[in-house]
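Report on the following structure.
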Amino acid sequence: IASIMNRVRDLKNKYRNEDNITDELNCTKISADTTDNSGTVNQIMMTTNNPEDWLCFLLRLEKKGIPQMDANLLNRLIGRYSQAVTALPAEKHSQDESYARILVRFAELKA
């Protein structure tokens, strides 16, 4: 039984790690720049400028802390979400789920 439990645990860890790898691969176009991220923003805007890339970038930026506890992070996030909303024309992306998630999260951060 112990052997089976160890095998199950190993499989769970393997698949959990593969999920994390998949998430990272989905964001390969987004750099892990920890400064002001202006290079990443420029890259998104000049290449794909799609809601999926913006959302991936914004979610990574949010992982750097807790916006409700860090005023600097909150202000930076509001600024970046504002940039995303400005860069993505509503007429083109109004049916896109990632665009909707950006708008909702932007409203939450501003509230």
*asked:* Sort 11, 61 by heavy-atom solvent-accessible area, probe 1.4 angstrom, most to least.
replied: 11, 61
*Expressed in nm to one decimal, what extension gain is obtained for the pair residue 100 and residue 69 from 0.36 nm per residue of sequence separation less their Cα-Cα distance?*
8.7 nm
*Cβ-based net charge around residue 104, under 14 Å, with every Lys or Arg adding one and every Asp or Glu removing one*: -1
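The values are calculated or read from the model by the stated rules, or taken from the named source; none is laboratory data. Just so it is clear, the structure is predicted and the values come from calculations on it, not from any experiment. Cβ atoms come from the backbone with ideal geometry, glycine included; neighbour counts cover every protein chain shown. Protein only, heavy atoms only, side chains kept; ligands, DNA and RNA dropped before computing areas. Shrake-Rupley method; radii C 1.70, N 1.55, O 1.52, S 1.80 Å.
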